[in-house]
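See below for the structure under consideration.
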């Protein structure tokens with residue numbers, strides 16, 4: 001019997017479809033992605049049925065971590081030329097008689113949430129790696145004697161009067177800690193809060209009504 | 001070019017055939033790079049935007065005297081008390097030390113048969129109205145824009161005169177989660193009027209003696 005000669009096949013695979021698909025996915029991700037902001041602490045928010053989306057711009061976020069530490073964040077505004085963060089820092093510097101170099105102010109404008117006494121802010125801005133930064137995140141002081149959080153809120157509202165307030169509290173935080181923040185906000189005439197939550201859908205209708213007793 | 005010509009000479013005539021070059025390009029490095037980039041984008045993307053629950057607190061005015069505060073009907077008031085270990089209690093009416101006996105606290109929870117049942121029972125009229133309206137929209141009998149529907153629901157809530165007025169009171173041992181759960185329960189049950197307030201000293205005392 002003659003041997004069946006198998007045609008020699010090239011070991012190459014045609015990768016064109018794969019490349020096509022990858023480029024498609026890559027384009028999709030590049031266009032749709034909004035980067036996850038770096039957060040000062042890991043916060044596990046409680047669940048709710050609310051479907052309202054958190055605004056992207058004009059919002060100051062107050063983080064209340066599980067251990068009660070408070071962090072603050074403020075965005076630069078929709079318009080990239082407004083630089084609200086810089087304005088806020090300048091107002092804070094004036095209040096606390098500190099001087100920041102233009103370079104520091106510029107760098108602060110690009111960073112995100114922070115939580116430390118204002119005297120440590122310079123070190124935090126200067127810190128290069130994430131670990132050193134994290135060490136300085138000791139929470140914004142908000143005692144009655146040294147209420148820096150109140151000043152951050154005031155400066156933020158002065159720079160951007162349209163800013164809304166979001167409170168992102170950990171589910172396991174004591175309510176008193178969150179209440180303290182809310183009271184402080186109310187003292188500054190902020191009466192509408194956005195509580196950041198996870199969506200957990202619960203649908204109930206007429207059939208769920210308990211029978212009439 | 002000189003070298004090329006020399007080679008030709010050695011071949012002794014014959015047709016000059018240009019060497020066939022494969023039209024395929026090695027795409028492996030490109031694929032590698034794309035994989036890397038895709039992974040990077042997938043991991044750094046924040047897909048689900050965080051959701052927010054809006055709560056408006058009554059304005060605090062230091063000049064407000066207790067007697068100037070809005071009076072609410074005790075018969076319609078439902079108090080939800082939150083305390084340590086995620087415990088939830090409720091009672092109807094008002095706890096007034098001048099008018100004994102004090103109401104007894106009833107223990108409940110945030111499950112389907114807990115506080116929701118009580119809220120739904122009290123809020124039956126408004127809840128039915130809103131649920132029927134939503135059903136009509138879902139089944140296509142009523143075609144209106146989202147904003148119109150929201151306004152209609154708001155109007156229903158405004159007109160409601162029978163539903164409970166819920167006061168959510170959390171003591172200092174309560175967790176933030178409980179308060180959010182309680183407010184959430186209000187939106188699930190379409191409660192028209194509710195507020196987060198501080199418990200009175202009487203209520204704190206009642207919580208201390210409440211069954212665990």
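The values are calculated or read from the model by the stated rules, or taken from the named source; none is laboratory data. Every value quoted in this text rests on a predicted model; they were computed, and no experiment measured them. With ideal geometry, Cβ positions are generated from the backbone for all residues, glycine too; neighbour counts draw on all protein chains shown.
Table for the structure above
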| item | result |
| --- | --- |
| Residue within the stretch A:84-95 that is at pLDDT below 85 and part of a loop (DSSP other than H, G, I, E, B) present | no |
| Matching option when the condition is surrounded by 15 or more Cβ atoms within 10 Å (Cβ to Cβ) and at negative phi, among A:126, A:130, A:163 | A:163 |
| Which listed residue, of A:22, A:29, is assigned to a helix (DSSP H, G or I), closer than 30 Å to residue B:24 by Cα and either away from chain B (no Cβ under 14 Å) or at pLDDT below 85 (or both) | A:29 |
| Residue among B:85, B:109 that is at pLDDT 80 or above and out of contact with any helix residue (DSSP H, G or I) (no Cβ under 9 Å at 6 or more places or on another chain) | B:85 |
| Qualifying residue in the stretch B:21-29 (condition: at pLDDT 80 or above and under 30 Å from residue A:21 (Cα atoms)) | yes |
| Listing of helices (runs of 4 or more DSSP H) fully contained in the stretch A:113-213 that carry 2 or more residues being facing another protein chain (nearest Cβ under 8 Å) | A:175-187 |
| Filter result for the condition that a residue is within 13 Å of chain A (Cβ to nearest Cβ) and crowded, with 17+ Cβ neighbours inside 10 Å, over B:206, B:186 | B:186 |
| Sole residue being more than 10 Å from chain B (Cβ to nearest Cβ), in contact with a helix residue (DSSP H, G or I) (Cβ under 8 Å, 6 or more places away or on another chain), at pLDDT 85 or above and under 21 Å from residue A:153 (Cα atoms), chosen from A:100, A:72 | A:72 |
| Single unsatisfied condition, residue B:180 versus (1) in the same structural domain as residue B:94 (by TED's automatic domain parsing); (2) free of Cβ contacts under 8 Å to residues at least 60 places away in the same chain | (2) |
| Test for residue A:34: is it surrounded by 10 or more Cβ atoms within 10 Å (Cβ to Cβ) and either in contact with a helix residue (DSSP H, G or I) (Cβ under 8 Å, 6 or more places away or on another chain) or modelled with pLDDT of 80 or more (or both) | no |
| Residue count, the stretch B:161-176 (criterion: more than 18 Å from residue B:91 (Cβ to Cβ) and surrounded by 22 or more Cβ atoms within 10 Å (Cβ to Cβ)) | 2 |
| Qualifying residue in the stretch A:17-36 (condition: closer than 30 Å to residue B:32 by Cα and touching a residue at least 12 places away in the same chain (Cβ under 8 Å)) | yes |
| Test: residue in the stretch B:7-16 that is in the same structural domain as residue B:212 (by TED's automatic domain parsing) and modelled with pLDDT under 75 | no |
| Residues (surrounded by fewer than 17 Cβ atoms within 10 Å (Cβ to Cβ) and in contact (Cβ under 8 Å) with a residue 12 or more places away in the chain) located in the stretch A:92-103 | A:95, A:96, A:98 |
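Per-residue answers, yes or no, for (1) surrounded by 16 or more Cβ atoms within 10 Å (Cβ to Cβ); (2) within 14 Å of another protein chain (Cβ to nearest Cβ); (3) assigned to a loop (DSSP other than H, G, I, E, B):
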| residue | (1), (2), (3) |
| --- | --- |
| B:98 | no, no, yes |
| B:107 | no, no, no |
| B:111 | no, yes, yes |
| B:119 | yes, yes, no |
| B:132 | no, yes, no |
| B:144 | no, no, yes |
